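Can you keep this structure in mind? I'll have questions shortly.
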Amino acid sequence: EPEVTQTPSHQVTQMGQEVILRCVPISNHLYFYWYRQILGQKVEFLVSFYNNEISEKSEIFDDQFSVERPDGSNFTLKIRSTKLEDSAMYFCASDIGGAGGTQYFGPGTRLLVL
Amino acid sequence: DAKTTQPPSMDCAEGRAANLPCNHSTISGNEYVYWYRQIHSQGPQYIIHGLKNNETNEMASLIITEDRKSSTLILPHATLRDTAVYYCIVPQYNFNKFYFGSGTKLNVKP
């Protein structure tokens, strides 16, 4: 069964460093998403991406964040200069689109900023 | 997104049916009801979704009231592995972002 994959599973970085989180969505899906979950808190929407552009983003997704689909398979989230409060689980999801479309989530990347 | 209300926690005996309620009284006519679950800190797992009719798949059944203002997720024979946080989500039509509330923590006990 097709699934969303994410790498790395864990990443530790120093405050101020750049990180890139990678996702491989399900192959025939057209919509891509990033969510995050700070430990003990709710899952929060960050951004959605369709047709090579951002379709919607939350207040969390500020200028420090960017997304890219560099090739036909990967979808990346870049955090330009990490802060302590960026420590969280980051989940990628993909969706074939259309009314009633279903988002399938990856296993997540646990990011720890020291 | 239409606001959803779920009880914070529920207990269920192993082997019994787990019935998880959700209120979504502000739902619009073309908005779907989705159910996901999250086990520990794993990625949210899709369970089922529906618009108006009741739905069933290999994991669960979804019962939507006729006025669509509430729904119930039914796990017919709960196992210990079904212990998780269950989220009822009603995304705004034509907007695909999901709003995850606090969900219902289901504790399946032996």
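For chain A, compute Rh as the Kirkwood radius over C-alpha pairs and then the Stokes-Einstein diffusion coefficient at 10 °C and 1.306 mPa s; write the answer in µm²/s, rounded to an integer.
Values: Rh = 14.1 Å.
Estimated via Stokes-Einstein, D reaches 113 µm²/s.
Step by step: find N for region B:1-84, compute 2.2 N^0.38 Å, then divide the Cα radius of gyration by it. What's the final number?
Output field value: 1.08.
State the answer as a single residue: which of A:G97, B:T104, A:S27 lies farthest towards the positive end of the charge dipole of the protein assembly as shown, with beta carbon charges of +1 for Lys and Arg and -1 for Asp and Glu, about the Cα centre.
Working it through, the farthest residue towards the positive pole turns out to be B:T104.
Output wanted: per-residue J couplings in Hz (rounded whole) for region B:17-34, from phi through Karplus 6.51 cos²θ - 1.76 cosθ + 1.60, θ = phi - 60°, x for Gly and Pro.
Running phi through 6.51 cos²θ - 1.76 cosθ + 1.60 with θ = phi - 60° gives 6, 9, 10, 10, x, 8, 9, 9, 5, 9, 4, 8, x, 10, 9, 8, 10, 10 Hz.
Next question. For region B:55-70, just list the computed ³J(HN,Hα) in residue order, Karplus coefficients 6.51, -1.76 and 1.60, θ = phi - 60°, integers in Hz, with x standing in for Gly and Pro.
Result, ordered by residue: 10, 9, 9, 6, 9, 7, 10, 10, 10, 10, 5, 4, 7, 6, 8, 7 Hz.
Evaluate the protein assembly as shown: find the radius of gyration of its Cα atoms, find its Kirkwood radius, and give the ratio Rg to Rh.
Details: Rg = 17.7 Å, Rh = 18.1 Å.
Ratio value, two decimals: 0.98.
Only four residue types carry charge here, +1 at the Cβ of Lys and Arg and -1 at the Cβ of Asp and Glu. Report the dipole size of chain A about the Cα centre in Debye, rounded to the nearest 20.
Charge dipole, chain A, about its Cα centre: 240 debye, nearest 20.
5 Å is the cut-off here: which amide hydrogens, built 1.01 Å from N in the peptide plane, fall below it relative to B:S70, excluding neighbours closer than 5 in sequence?
B:H24, B:T65
Moving to a separate point now. Under a Cβ-Cβ limit of 4.7 Å, which cysteines in chain B have nobody to pair with?
For chain B, the answer is B:C12, because their Cβ atoms have no other cysteine Cβ under 4.7 Å.
Further question: Please say if region B:50-110 is rounded, prolate or oblate, where rounded means a/c under 1.5 for a ≥ b ≥ c the square roots of the C-alpha gyration tensor eigenvalues, and otherwise the choice is prolate for a/b larger than b/c and oblate otherwise?
oblate
For chains A and B, what's the summed buried accessible area, probe 1.4 Å, to the nearest 100 square angstrom?
Details: alone 6590 and 6470 Å², together 11390 Å².
When A and B are taken together, about 1700 Å² of accessible area is lost.
So how strong a dipole does chain B carry about its Cα centre when Lys and Arg Cβ are +1 and Asp and Glu Cβ are -1, to the nearest 20 debye?
Roughly 200 debye for chain B.
Which of B:N53, B:N19, B:N96 moves most in a GNM of chain B, Cα contacts under 10 Å?
Per the Cα network of chain B with a 10 Å cutoff, B:N96 tops the list.
Percent of accessible area on chain A owned by carbon and sulfur, 1.4 Å probe?
Carbon plus sulfur share of accessible area: 48 percent.
Identify which of B:E31, B:E66, B:E14 has the largest mean-square fluctuation in a Gaussian network model of chain B, with springs joining Cα atoms closer than 10 Å.
B:E66
Each residue of region B:39-49 in turn: what ³J(HN,Hα) in whole Hz from Karplus with 6.51, -1.76, 1.60 and θ = phi - 60°, glycine and Pro shown as x?
9, 6, 9, 6, x, x, 10, 5, 10, 6, 8
Hey, can you grab everything whose amide H is under 5 Å from the amide H of A:L46? Only 5+ residues off in sequence or another chain; H modelled, so Pro and N-termini drop out.
A:W34, A:Y35, A:R36
Still on this model: For chain B, what is the number of Lys pairs with C-alpha distance below 22 angstrom, counting only pairs 8 or more positions apart or on separate chains?
Summing the qualifying lysine pairs gives 8.
Right, another one. Which of the lysines could a cross-linker span from A:K83 if the Cα-Cα distance has to be under 23 Å and same-chain partners fewer than 8 positions apart are dropped?
A:K42, A:K57
The values are calculated or read from the model by the stated rules, or taken from the named source; none is laboratory data. Small disclaimer: the values here were computed from a predicted structure and weren't measured. With ideal geometry, Cβ positions are generated from the backbone for all residues, glycine too; neighbour counts draw on all protein chains shown. Ligands, DNA and RNA are stripped out before the accessible areas are found, and what is left, the full protein with its side chains, is counted by its heavy atoms. Shrake-Rupley method; radii C 1.70, N 1.55, O 1.52, S 1.80 Å.
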